[in-house]
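Please read the structure below before turning to the comments.
The values are calculated or read from the model by the stated rules, or taken from the named source; none is laboratory data. Everything quoted here is computed from the prediction, not taken from an experiment. Positions of Cβ are backbone-derived with ideal geometry, glycine not excepted, and every protein chain shown enters the neighbour counts. All accessible areas refer to the heavy atoms of the entire protein, side chains included, with ligands and DNA or RNA removed. Shrake-Rupley method; radii C 1.70, N 1.55, O 1.52, S 1.80 Å.
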Amino acid sequence: MEQPLLSEEKRSEIDENERLSSYQYVGRTGSVIPTASLAGMDVSIEEIRSASSFSTPYPPSIHAPLISSPEPLPNEQAIPHQSPYAADYGPYSNDFQRQLLDEVEIRELLIDHIGHRCCWGSRPARTWKIHAVEDCNVYVGTLETFLEEREVIRETEPYLGGKIDGKDNTPELGIWELDLRSQFPVLFVPYKETRVKIPNSETIEKCSDCAGRGDIPCPTCNADQEPGFYKENQMSQCPACYGRGLIAHRDGSDTICTKCDGKGKIPCATCGSRGLLKCKTCNGSGSLLTRKIAVVKWKTLSTRKVSATSGAASVPDEIFHRAKGVQLCNTQAYQCTPAYFADSFFLNTFSSDVIADRASVPPTARVICERHTISVVPVTRVTMHHRRQSFSFYIVGYSREVYLKDYYPARFCWGLCPCLEWLKV
């Protein structure tokens, strides 16, 4: 039977899918699961959120849906094709479409970058000769560890009577026995925190500040008393008449002091000579209601590595991390293992180094899952020359971000640019 002819566009799409299939899921056994092996498997968000309700390590059943279809990060592209390239970094060094920049584009990018500097001239960017254009592609490896951390803190408040949620009803739940499925966030969220009261954890305790009495000795008139003892009706000397009870005048006459009514002493201004003050900690009740609060934090710990050639060594790693590149590997698992590339010893070693630098997990936390990616970022180094002067700059990533380290020949600020930026001039 004759088969219908495929259009040119359809054939190219099939060839592209075949090329992608060899790179879409790379990794050792256990690191990644091909999508085909999970066909017909529907996993709801409730199953993922249920992980937080287990007292034992999170069940493996939630890991499969997590790694079934790793999506590229927003600033990454899929691998368009495979082509052998004999270089120090192996055949994957040129497994993406290289940036093809002509002289006009290079100058336009540099002029646009200079235009954001208030006192940089554009003459070198427009007139200097482009001496060299070289590729300095960079590999970026990341390992993100998404974990959940739980800690217990104690909260107290004055106990004013009433029923409490104590252990008399049912046993107190352990911190990892709390059901927090409704609070479970999106995977690999940078940070989320919630606080939950632990059921059956309330207790009534005697206030330590007042020893359960509800009052404390006045610090003004009973400052030298033993703890738990006080004296009432302590009086202090009147500051107006200095204890005489009379106010002397220039004509030699005396009048009764109105502040102390002629007594020469006044009651304590702090407690009214009661000798006691109401305890502020327990609000005078003598008892405190104490409860346990679970502080639950979800966060992502990141390990990042950059492998750059000597030509791009002067560019800060942060530039490469935020640049748009091509994703060679994207795996998710409970615990990622190094990716495996059949024909690139360098990438295998680089992936192992990223995994080896895994961020340490606090003892109060548990790992939910990990994500491991390796990307290649196209970097072009451009050197411009004029007479005996020269300078270099970099065009990084598919977003074509320009990085110019320090030297640019047409700067007229004499080092005042940071001051002007600080003053927002």
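Numbers at a glance
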{"read-out": "Residue that is modelled with pLDDT of 85 or more and either exposed (fewer than 15 other Cβ atoms within 10 Å of the Cβ) or part of a strand (DSSP E or B) (or both), where the choices are 266, 247", "value": "266"}
{"read-out": "Identity of the residue in segment 349-383, in a helix (DSSP H, G or I) and not small (Gly, Ala, Ser), that ends up farthest from residue 148 (Cα to Cα)", "value": "349"}
{"read-out": "The lone exception for residue 336 - which of (1) open to solvent by less than 10 Å² (accessible area, probe 1.4 Å); (2) out of contact with any His (no Cβ under 6 Å at 6 or more places or on another chain); (3) part of a loop (DSSP other than H, G, I, E, B) it fails", "value": "(2)"}
{"read-out": "Single match in 346, 320 (criterion: under 19 Å from residue 135 (Cβ atoms), open to solvent by 20 Å² or more (accessible area, probe 1.4 Å) and assigned to a helix (DSSP H, G or I))", "value": "346"}
{"read-out": "Within segment 284-299, tally of residues that are open to solvent by less than 30 Å² (accessible area, probe 1.4 Å) and not small (Gly, Ala, Ser)", "value": "7"}
{"read-out": "Single match in 392, 399 (criterion: within 32 Å of the chain's Cα centre (by Cα) and either surrounded by fewer than 14 Cβ atoms within 10 Å (Cβ to Cβ) or at pLDDT below 85 (or both))", "value": "399"}
{"read-out": "Residue pairs meeting the criteria (Cβ under 6 Å; at least 6 apart or on separate chains; first touching a residue at least 12 places away in the same chain (Cβ under 8 Å), in segment 226-254; second among the polar types (S, T, N, Q) and surrounded by fewer than 14 Cβ atoms within 10 Å (Cβ to Cβ))", "value": "243/237"}
{"read-out": "Condition broken by residue 231, with the remaining ones in (1) under 27 Å from residue 278 (Cα atoms); (2) open to solvent by less than 50 Å² (accessible area, probe 1.4 Å) satisfied", "value": "(2)"}
{"read-out": "Test: residue 361 is under 30 Å from residue 189 (Cβ atoms), open to solvent by 10 Å² or more (accessible area, probe 1.4 Å) and in contact (Cβ under 8 Å) with a residue 60 or more places away in the chain", "value": "yes"}
